[in-house]
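Here the structure is laid out as C-alpha cells; the discussion comes afterwards.
The values are calculated or read from the model by the stated rules, or taken from the named source; none is laboratory data. This one's a predicted model, so the numbers in the text were calculated from it and none came from an experiment. Cβ: placed from backbone, ideal geometry, glycine included. Neighbour counts: every protein chain shown. Ligands, DNA and RNA are stripped out before the accessible areas are found, and what is left, the full protein with its side chains, is counted by its heavy atoms. Shrake-Rupley method; radii C 1.70, N 1.55, O 1.52, S 1.80 Å.
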Amino acid sequence: MYELTTDSIIVNTGENAILVIRCKECNSSVIFDDPTDIVYLYRLAEETPLLYAKLALKENGLQDYVDAMNEFN
C-alpha cells in the first residue's frame, strides 16, 4: 500500500517482515526528460503500489517505466 505521509510503499511479505520502499529515494535515481514526468512515478505509486515496488527493486525498472510512458505520450 502507498503511505502518503511518508511517501513510501509498504509491503507485508507474509513472513513476519515488512518491506518499506521510500519513493523519494527511488525516484531520485530516475533521469527525466521533463521534470514534470515525475508525476508518472507518483501516480504509479498511488494507483498500483505493488507494481511500483516491483519496478523499484529491478535494476533500471523505474527508469524504463518513465521512458516507456514518454514513448506513449
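A few comments on the model shown:
- Residue in region 36-46 that is more than 19 Å from ILE9 (Cα to Cα) and open to solvent by 80 Å² or more (accessible area, probe 1.4 Å) present: yes
- Qualifying positions in region 22-35 - of a type in the set (A, V, I, L, M) and open to solvent by 90 Å² or more (accessible area, probe 1.4 Å): ILE31
- Condition met for ALA45 (out of contact with any Leu (no Cβ under 8 Å at 6 or more places or on another chain) and closer than 24 Å to VAL20 by Cβ): yes
- Of all residues in region 49-73, those that are closer than 18 Å to GLU25 by Cβ and open to solvent by less than 90 Å² (accessible area, probe 1.4 Å) have Cβ atoms under 6 Å from Cβ atoms of residues that are among the small types (Gly, Ala, Ser) and modelled with pLDDT of 95 or more, 6 or more apart or on another chain, in TYR52/ALA45; LEU55/GLY61; LEU62/ALA56.
- Taken over region 16-39, the residue count meeting the criterion of being more than 9 Å from the chain's Cα centre (by Cα), under 23 Å from GLU3 (Cβ atoms), of a type outside the set (D, E, K, R) and part of a helix (DSSP H, G or I) is 2.
- Of all residues in region 20-47, none that is hydroxyl-bearing (Ser, Thr, Tyr) has its Cβ atom under 7 Å from the Cβ atom of a residue that is open to solvent by 80 Å² or more (accessible area, probe 1.4 Å) and modelled with pLDDT of 95 or more, 6 or more apart or on another chain.
- Selection of region 7-17 for residues being under 19 Å from LEU55 (Cβ atoms) and either out of contact with any Leu (no Cβ under 9 Å at 6 or more places or on another chain) or modelled with pLDDT of 95 or more (or both) yields ASP7, SER8, ILE9, ILE10.
- If the condition is being in a strand (DSSP E or B) and of a type in the set (S, T, N, Q), then region 1-15 contributes SER8, ASN12.
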